[in-house]
Every structure is written in structure tokens, then in C-alpha cells.
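Asks: Structure provided below as C-alpha cells; questions to follow.
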Amino acid sequence: MAFETITVETEDHVTIITLNRPDAMNALNDQLMGELVSALQAAQENDKVRCIILTGSDKAFAAGADIKMMSEKTFVEVFSEDFFGPDADAIMRIRKPIIAAVSGYALGGGCELAMMCDFIIASETAKFGQPEINLGVMAGLGGSQRLTRFIGKSKAMDMNLTGRFMDAEEAERSGLVSRVVPVKKLREEAMAAAAKISEKSMITAMAVKESVNRSYETTLREGLLFERRVFHSMFATEDQKEGMAAFMEKREAQFRDK
Ligand code: HXC
């Protein structure tokens, strides 16, 4: 597939999607969102691919939705097209693990896109923010919802009301990102994490993703029951037999996604 606003490479079992609108700090427009969804769906359908990395440049993961594109839009237009809603829904339907590798700015829709991934590895230069209030609008892809669940009400209010940026150290302390690494190591670290995930049973990895995500959708009691039943169901897989046999035989497991 030929893309203009992203690049896509597949190395071993990992597809790396790089947002690539350098002149606009990787701002999200219709074309980029469409290409991103296509690339993610292709990775989902490719049996060789076991993990996906979404990244940007050293300067910007993405500086938000494209303001030039949005500036002339009316309520009727954004409401009718459900602006970026179908794209976000499509991203959330990807079942393979997605790691966001973030350097530089992840603002507005950029921060929200990173939060749609399964976890975020940030470089020391990463800056997260929901500055939409400065434009006379507010977050529209999770900045008032996911961010609040990830870092709590006080910090989420602070970010959304003042529009201030959070650096990588604060983002890690707040639980928004899982680890912080030097800029030069970002790709290497994300690839190492993706390679680790790729060694697991894909069935188990997809079940883990579904179960952790379920915790944001349901009560604790229902979530615990969901988790327990999914755990039980794994005993129907060959990979459970293989994983446990390998432990007892003191060897590496050879999972076959069955
Ligand atoms: C369009 C953008 C852009 C954006 C940057 N650019 N962000 N274009 N949409 N979101 C463009 C600039 O216009 C400029 O192009 C070029 O990228 C470089 O940006 P500069 O501002 O010159 O760079 P710098 O001074 O280093 O500042 C970087 C920055 C700043 C802090 C990231 O650009 C900025 O504040 N951007 C806007 C961030 C923002 O408000 N995001 C939220 C958007 S609303 P030219 O051609 O002028 O040189 C949103 C809603 C999501 O995301 C919900 C959707 C449903």
C-alpha cells in the first residue's frame, strides 16, 4: 500500500507505523487518520505480525488534530461526519498489542492517539498536553475521559483547563507512560518490548489486551468475573499445555497460537 502521511515497515514480527507529516508536526488530518487505520487493519490481518509500534519523529509524535483543517468546519459538519469518531472506533477494534513510542509533542489528538495504544514508552523529550482549550474547544478523542482514568481527576483537570504540557518524568510519575528512555534509545526499547510480546502466544496476548481494556469499561466485580472466565478458557488452548510443560521441562516455550 502506498501511503503519503505515514510510513510502514515490518521487521521480524513487528509492524512499525511512523506518522510522517513533518511540516505540520504530524498533525492529524483525514488522510493521515485514514491511512493509519488502513495500516493498522493490514497489520491486524497479517499473520506474520504479532505486535505494532506507532511512533512519530524526534520532534513530534503528533501535535493534535490539524487546526488548519478544523478551522473552517461548522457544528453541522463535525457532527454529521462524527469527526474522527469512526477512525477512533476502528483503532480500538485492533486486537493485536499496539505500543506508542512517543518523542516530542503529543498534544490534543496526538496525546489521545497515544492513549488509544496499549501502553506508551516515552523519550525524555516527550511532552503531553490537552491544549484544546486555547483554541476555544476541548478534547474530543479521550482527553477528558481516558486521561482522567489514567492520571486521575486533579491532573486531568489541570491539563485540560490550563492547557499546560506535562514532561516525560511527570507523565511516568502519573502513570500515563510505562517507561522513559533516552531519545536515541526510543526505537530500540520499543522494538525490544515488541519482540518480547511477539514471543508470547498471540491468543494469550489478545486476551490480555481485551481483559485490561475491559477494566475501563465495567465494574470491578464484572471485570474480575470476565478475567477469571477468560483465564479458565485458556485451558482449552494448546499454548497453555505447551507453556506449562516448557516450565516443568526447564526449556523455552514454543507457542503456536493454538
Ligand atoms: C496544524 C500544526 C499543528 C496542528 C503544529 N502545526 N501543530 N498545523 N495543526 N495541530 C504546524 C504549525 O502551524 C507550523 O506550520 C509547523 O507545524 C511547526 O509548528 P510551530 O508552531 O512553528 O512550532 P513550535 O513553535 O516549535 O511549536 C510547536 C507546538 C505548536 C507547541 C506543537 O505548533 C502548537 O502549539 N501546536 C498546536 C497544538 C494544539 O493546539 N493541539 C491541539 C489541536 S486540537 P507553518 O506552516 O505555520 O510553519 C485537537 C482536537 C482533537 O487535537 C480532537 C479531535 C476529535
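Asks: What shape does the stretch 1-74 take by its C-alpha gyration tensor, where a ≥ b ≥ c are the square roots of the eigenvalues and a/c under 1.5 counts as rounded, a/b above b/c as prolate, and the rest as oblate?
Replies: It is prolate, given that a/c is not under 1.5 and a/b is the larger ratio.
Asks: Percent of accessible area on the stretch 201-249 owned by carbon and sulfur, 1.4 Å probe?
Replies: Its accessible area is 64 percent carbon and sulfur atoms.
Asks: Next up: From largest accessible area down, sort Ser174, Ser57; use a 1.4 Å probe on the protein chains.
Replies: Greatest to least solvent exposure: Ser57, Ser174.
Asks: On to the next question. Add +1 for every Lys or Arg and -1 for every Asp or Glu among the other residues with Cβ under 14 Å from the Cβ of Glu45, and state the total.
Replies: My count for the surroundings of Glu45 gives +4.
Asks: Would you please state which residues of the stretch 18-33 a label at Lys73 would reach in this model, taking the label point 7 Å out along Cα→Cβ and a backbone N cut-off of under 18 Å?
Replies: So the set is 24-33.
Asks: Rounded to the nearest 5, what % of the DSSP beta bridges within the chain are antiparallel ones?
Replies: In the chain, approximately 30 percent of DSSP beta bridges are antiparallel ones.
Asks: Something else now. What do the square roots of 5 times the Cα gyration tensor eigenvalues come to for the stretch 201-249, in whole Å, largest first, as semi-axes of the equivalent ellipsoid?
Replies: Taking √(5λ) for each Cα gyration eigenvalue gives 24, 11, 8 Å.
Asks: I've got another one for you. Given Lys96/Lys241; Lys127/Lys155; Lys127/Lys184; Lys209/Lys250; Lys68/Lys155, which pairs have Cα atoms separated by over 24 Å?
Replies: Beyond 24 Å between Cα atoms: Lys209/Lys250; Lys68/Lys155.
Asks: By average Cβ neighbour count within 10 Å, what is the ranking of 140-153, 215-228 from highest down?
Replies: 140-153, 215-228
Asks: Counting only the heavy atoms of the protein chains, how much of Val180 is accessible to a 1.4 Å probe, in Å² to the nearest 10?
Replies: 50 Å²
Asks: Here is a follow-up. Taking only the alpha carbons of the stretch 38-130, what extent do you get along each of the three principal axes, in Å, biggest first?
Replies: Over the stretch 38-130, Cα extents along the principal axes are 42, 33, 16 Å.
Asks: Taking square-rooted eigenvalues a ≥ b ≥ c of the alpha carbon gyration tensor, is the chain rounded, prolate or oblate, where a/c under 1.5 means rounded and, failing that, a/b exceeding b/c means prolate?
Replies: Verdict is prolate for the chain.
Asks: Give me the distance in nm between label points sitting 7 Å out from Cα along the Cα-to-Cβ direction at Arg95 and Met138, one decimal.
Replies: Label-label distance for Arg95 and Met138, simple model: 3.5 nm.
The values are calculated or read from the model by the stated rules, or taken from the named source; none is laboratory data. Values in this document were obtained by computation on a predicted structure and should not be read as measured data. Cβ coordinates were reconstructed from backbone atoms using ideal geometry, including for glycine residues, and neighbour counts include every protein chain displayed. Just so you know, the surface numbers come from the protein's heavy atoms only, side chains and all, with ligands and any DNA or RNA stripped out. Shrake-Rupley method; radii C 1.70, N 1.55, O 1.52, S 1.80 Å.
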